Amino acid sequence: MESEPAYLATLDRQLLDQPEAMLLSQLDGFLTGVVVSPDLITPGRWIPLIWAGDEGDGEPEFDTEEGLRAFLGLVMTHYHAIIDSLAHPGAYAPLLETDTRSGETLWEMWIDGFAQAMALSPGGWARIEADDDAGCHAALAGIRTLRDFADGHRDLDRQEEDRWDAEAPDLIPIWVEMLHQWRLENDPHRPAASRRAKVGRNDPCPCGSGRKYKKCCGVN
């Protein structure tokens, strides 16, 4: 991860100090999922999951209440940084770790965090599936494929595995921005406005690759 804001190093260190807390990339995916969720997820629901751990019963361990407040302040700083980046098309970038031995970009922890956020409000994601937005359907299908692949619930042949490893870091921000746009356009509290045109399978892909949608983000 390059050119990180200074607060991220402190947040990363404090996450590592907590016995059951998410790692930074996992937290980034989790907060992104909370932000783009079609349904509002209140902090009271998602904050405890940061340190809940695999068993779901982890508790924060800070020496003082001030330490806990400082930690939560860092979390909220990053939460708002994600919101700010999504306000500028093309600016969102997931925090993905890099394998120091191979140089490979590791997306699995980010996907795990995003999937945890999705599980908090399944009804909202079901509304996207019931809509006729092909781009968002492809985004959800791609995220779920990566989640199942990372969890070992889906077997891929070597060629498919290599393709996903190579393309996932570039596809994830595109998918996130598509889902964020859907959330904005379908917010019941938003003033009525014209919807963007639906993406046809033979239309140019909205990610800007120059390829047809069915050969790019719509490959799923």
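The values are calculated or read from the model by the stated rules, or taken from the named source; none is laboratory data. Computed from a predicted model, the values in this text were never measured in an experiment. Every residue, glycine as well, gets a Cβ built from its backbone with ideal geometry; the counts of neighbours run over all protein chains shown.
The requirement of being at pLDDT below 95 and over 25 Å from Ala126 (Cβ atoms) is fulfilled somewhere in region 39-52, by at least one residue.
Glu104 satisfies every condition listed in (1) modelled with pLDDT under 95; (2) within 17 Å of Gln181 (Cα to Cα) except (2).
Within region 8-58, the set of residues being hydroxyl-bearing (Ser, Thr, Tyr) and within 28 Å of Leu184 (Cα to Cα) comprises Ser25, Thr32, Ser37, Thr42.
Does Gly29 count as surrounded by 16 or more Cβ atoms within 10 Å (Cβ to Cβ), of a type in the set (Gly, Ala, Ser), in contact (Cβ under 8 Å) with a residue 40 or more places away in the chain and touching a Leu at 6+ places or on another chain (Cβ under 7 Å)? No. The condition of being touching a Lys or Arg at 6+ places or on another chain (Cβ under 7 Å), among the aliphatic types (A, V, I, L, M) and within 28 Å of Asp162 (Cβ to Cβ) does not hold for Ala93.
Note on region 7-59: residues that are over 12 Å from Val75 (Cβ atoms), touching a helix residue (DSSP H, G or I) at 6+ places or on another chain (Cβ under 6 Å) and hydrophobic (A, V, I, L, M, F, W, C) total 4. Return a yes/no flag: does region 130-145 have any residue that is modelled with pLDDT of 95 or more and of a type in the set (Asp, Glu). Looking for residues that are modelled with pLDDT of 95 or more and of a type in the set (Asp, Glu), one finds none in region 130-145, hence no.
The helices (runs of 4 or more DSSP H) falling completely within region 5-75 that include 2 or more residues that are within 16 Å of Leu96 (Cα to Cα) map to 6-17, 24-36.
In region 60-101, the qualifying residues are those that are of a type in the set (D, E, K, R) and in contact (Cβ under 8 Å) with a residue 24 or more places away in the chain, and the one that is farthest from Leu184 (Cα to Cα) is Glu61. Among the listed residues Asp133, Asp157, which satisfies the condition of being more than 13 Å from Asp28 (Cβ to Cβ), of a type in the set (Asp, Glu) and without any contact (Cβ under 8 Å) to a residue 60 or more places away in the chain? Result of the check over Asp133, Asp157: Asp157.
Of the residues that sit in region 60-71 and are in contact with a helix residue (DSSP H, G or I) (Cβ under 7 Å, 6 or more places away or on another chain) and among the hydrophobic types (A, V, I, L, M, F, W, C), which one is surrounded by the fewest Cβ atoms within 10 Å (Cβ to Cβ)?
Looking at residues that are in contact with a helix residue (DSSP H, G or I) (Cβ under 7 Å, 6 or more places away or on another chain) and among the hydrophobic types (A, V, I, L, M, F, W, C), I get Phe62.
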